[in-house]
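Some notes on the structure that comes next.
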Amino acid sequence: MKKKKKKKLNIKRTFVFLLFLYIILYSGYLIIKQPIRHIEITGNSLISDADIIRVSGLKDYPSIFKYSSNKIRKNIENIELIKSAKIKKWFGFKVLIEIEENKILFYYQNTDKIVLSDGRVIDNKYKLSGIPIFYNEIDEELFNKFVNKFKEISSNIIYEISTIEYYPNYNEASELIESDRFKIVMNDGNTVIADTRTCNLLNKYNDIFASLNDKKGTLYLNDNLVFIPY
């Protein structure tokens, strides 16, 4: 019987293999440790880029693999003024954050709260400017009814509104004849009288006043539009 020859360890090949393995593992380690190099944020106007980056956990530009996209998204959506966020990680260690903000309806002065289009009422802790001010107190049921209709108004028109006031109508005998009525003062000085059924017609505000040659006055939004010049 022939004796089997023992195979000698090829030191050179083993060294090359271990070196190759080391290079792969070390390269992977360096890639994992690489910090984020660029953060791009789109869709935000109410919340600053700095606040979004801070809340997201990316303030110190950590490794792009430290936080999952889902974790970053949840962190950002904890901001009350943000409706949703989409996170995309790109080659080159870039992070793209796409923001959809909640629509601001108005500042409710009676409670010092901000009312959002999703129905939430939040603390007035944000430095917001140019939003309508709702002045006086109103019954909760009617308030909710108004909010549900008012949120149909576009943001562009909302930012043209200066103040909103609950404005019931009484006859000469001081009897209430219209309990569902609001006075809306625009930034251009015009006044609009509407109720919860018709307030969404404010979306046509600019077209209506353009047809009136931009005269100043009070517009009554009802089945038959009535305009009374000042």
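Results for (1) within 14 Å of the chain's Cα centre (by Cα); (2) within 18 Å of GLU40 (Cβ to Cβ); (3) in the same structural domain as ILE131 (by TED's automatic domain parsing), shown as yes or no for each residue.
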{"position": "ILE64", "(1), (2), (3)": "no, yes, no"}
{"position": "LYS71", "(1), (2), (3)": "no, no, no"}
{"position": "LYS83", "(1), (2), (3)": "yes, no, no"}
{"position": "ILE87", "(1), (2), (3)": "no, yes, no"}
{"position": "ILE97", "(1), (2), (3)": "yes, yes, no"}
{"position": "TYR108", "(1), (2), (3)": "no, no, yes"}
{"position": "ILE114", "(1), (2), (3)": "yes, no, yes"}
{"position": "SER117", "(1), (2), (3)": "yes, no, yes"}
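Would you call PHE134 among the aromatic types (Phe, Trp, Tyr) and touching a Cys at 6+ places or on another chain (Cβ under 9 Å)? First the steps, then the outcome.
Details: among the aromatic types (Phe, Trp, Tyr): yes; touching a Cys at 6+ places or on another chain (Cβ under 9 Å): no.
Against the criterion (among the aromatic types (Phe, Trp, Tyr) and touching a Cys at 6+ places or on another chain (Cβ under 9 Å)), PHE134 does not qualify.
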Query - The one condition in (1) surrounded by 17 or more Cβ atoms within 10 Å (Cβ to Cβ); (2) in the same structural domain as SER154 (by TED's automatic domain parsing) that ASN44 fails to fulfil - result: (2)
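Conditions (1) in the same structural domain as VAL121 (by TED's automatic domain parsing); (2) β-branched (Val, Ile, Thr); (3) without any contact (Cβ under 8 Å) to a residue 12 or more places away in the chain, marked per residue:
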{"residue": "VAL16", "(1), (2), (3)": "no, yes, yes"}
{"residue": "LEU19", "(1), (2), (3)": "no, no, yes"}
{"residue": "LEU25", "(1), (2), (3)": "no, no, yes"}
{"residue": "ARG37", "(1), (2), (3)": "no, no, no"}
{"residue": "ARG54", "(1), (2), (3)": "no, no, yes"}
{"residue": "GLY57", "(1), (2), (3)": "no, no, no"}
{"residue": "SER68", "(1), (2), (3)": "no, no, yes"}
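Quick check on my filter: what residues within the stretch 116-138 are of a type in the set (Val, Ile, Thr) and over 19 Å from TYR167 (Cα atoms)?
Of the stretch 116-138, the ones of a type in the set (Val, Ile, Thr) are 121-122, 131, 133, 138.
Of everything in the stretch 116-138, those that are of a type in the set (Val, Ile, Thr) and over 19 Å from TYR167 (Cα atoms) turn out to be VAL121, ILE122, ILE131.
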Query raised in the report: Do we have ILE133 as among the aliphatic types (A, V, I, L, M), modelled with pLDDT of 90 or more and not assigned by TED's automatic domain parsing to the domain that holds MET186 here?
Result: no
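Somewhere in the stretch 140-154, is a residue farther than 22 Å from THR111 by Cβ, among the hydroxyl-bearing types (Ser, Thr, Tyr) and modelled with pLDDT under 90?
For the stretch 140-154, residues farther than 22 Å from THR111 by Cβ, among the hydroxyl-bearing types (Ser, Thr, Tyr) and modelled with pLDDT under 90: absent.
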Query raised in the report: Among the residues of the stretch 53-78 satisfying the criterion of being β-branched (Val, Ile, Thr) and out of contact with any helix residue (DSSP H, G or I) (no Cβ under 6 Å at 6 or more places or on another chain), which is surrounded by the most Cβ atoms within 10 Å (Cβ to Cβ)?
Result: ILE64
Query raised in the report: Which condition does ILE184 not pass, out of (1) touching a Cys at 6+ places or on another chain (Cβ under 8 Å); (2) at pLDDT below 90, if it passes all the others?
Result: (2)
Query raised in the report: When both residues are 6+ apart or on different chains and their Cβ atoms are under 6 Å apart, which pairs have a first residue that lies in the stretch 103-116 and is modelled with pLDDT under 90, and a second that is surrounded by fewer than 19 Cβ atoms within 10 Å (Cβ to Cβ) and assigned to a loop (DSSP other than H, G, I, E, B)?
Result: ASN110/GLU137
Query raised in the report: Looking at the stretch 114-146, which of its residues are closer than 13 Å to ARG181 by Cα and of a type in the set (A, V, I, L, M)?
Result: ILE138, LEU142
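The values are calculated or read from the model by the stated rules, or taken from the named source; none is laboratory data. Every value quoted in this text rests on a predicted model; they were computed, and no experiment measured them. In this analysis, Cβ positions are derived from the backbone assuming ideal geometry, glycine residues included, and neighbour counts consider all displayed protein chains.
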